[in-house]
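Before any comments, here is the structure.
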């Protein structure tokens with residue numbers, strides 16, 4: 001199940017925010033060793049203060065399995081403002097119909113919770129949730145900054161995307177900017193690969209409705 005939480009109302013969801021930021025610390029700081037900002041048991045950065053939307057995947061037991069963050073590219077975002085080197089010779093991406101996905105992470109303890117074709121269920125749910133949001137909102141593309149390992153995972157999930165420019169070594173990883181065209185075909189293909197039937201969002205909505213909630 002996918003839940004959407006408006007970052008501007010994060011104080012109304014203390015348990016959900018605590019679980020998400022703790023998971024991000026476990027994944028990005030403790031496991032992957034990325035150079036990220038840590039406050040006590042949380043991984044949190046300046047973009048969390050830009051009123052993002054959080055996409056959260058929950059298992060049948062109600063525990064958080066994974067999360068990601070969505071930001072409009074018309075405002076502050078990681079690709080344009082922190083990692084412009086990943087744009088290569090291309091211009092900044094600033095468009096109302098393009099949003100950025102960032103801080104994609106899956107609980108390492110359930111990373112083996114896979115469908116029969118070895119796609120991690122929580123990862124597929126997160127991407128399908130973004131696809132459903134994007135389609136209902138009329139988005140043209142989703143962009144992200146990721147590493148080449150996750151890029152390969154996205155390909156296995158049926159959503160290879162398109163590299164915006166060549167990868168660059170940033171810290172301990174080779175990072176790359178990827179863009180996905182938001183289409184019904186892409187969403188259908190991801191659900192087919194992950195063996196997901198029906199919608200994944202707890203409540204169907206648009207991005208504007210989620211930000212106004």
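None of the figures in this text is laboratory data; all of them are computed from the coordinates on show. Being a predicted model, the structure only gives us computed values, none of them experimental. In this analysis, Cβ positions are derived from the backbone assuming ideal geometry, glycine residues included, and neighbour counts consider all displayed protein chains.
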- prompt: What list do you get for 22, 152 if you sort them by fewest beta carbons within 10 Å?
  reply: 152, 22
- prompt: How far apart, in nm, are the 7 Å Cα→Cβ label points at residue 202 and residue 140?
  reply: 3.3
message: Using the basic label-point model (7 angstrom from Cα toward the beta carbon), what is the residue 41 to residue 8 distance in nanometres?
response: 3.0
statement: From fewest to most C-beta neighbours within 10 Å, the residues 35, 89 line up as 89, 35
- prompt: Does the stretch 2-199 classify as rounded, prolate or oblate by the C-alpha gyration tensor (a ≥ b ≥ c root eigenvalues; a/c under 1.5 gives rounded; else a/b over b/c gives prolate, otherwise oblate)?
  reply: rounded
message: Of the candidates 178, 36, 55, which one comes out as most mobile in a Gaussian network treatment of the chain with C-alpha springs shorter than 10 Å?
response: 36
- prompt: So, in Å, what gap is there between the alpha-carbon centers of the stretch 27-80 and the stretch 141-182?
  reply: 17
field: Computed [θ] at 222 nm, helices only, for the chain once each DSSP H run of length n ≥ 4 contributes -39500 (n - 2.57)
entry: -8000 deg cm²/dmol
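Take each of the peptides 68-76, 162-170, 100-108, 199-207, average the number of other beta-carbon atoms within 10 Å over its residues, and list them starting from the highest.
Details: 68-76: 20.0, 162-170: 13.7, 100-108: 21.6, 199-207: 16.1.
So the order, starting with the most tightly packed, is 100-108, 68-76, 199-207, 162-170.
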- prompt: How high is the relative contact order of the chain, in percent, counting Cα pairs under 8 Å that sit 6 or more residues apart?
  reply: 22
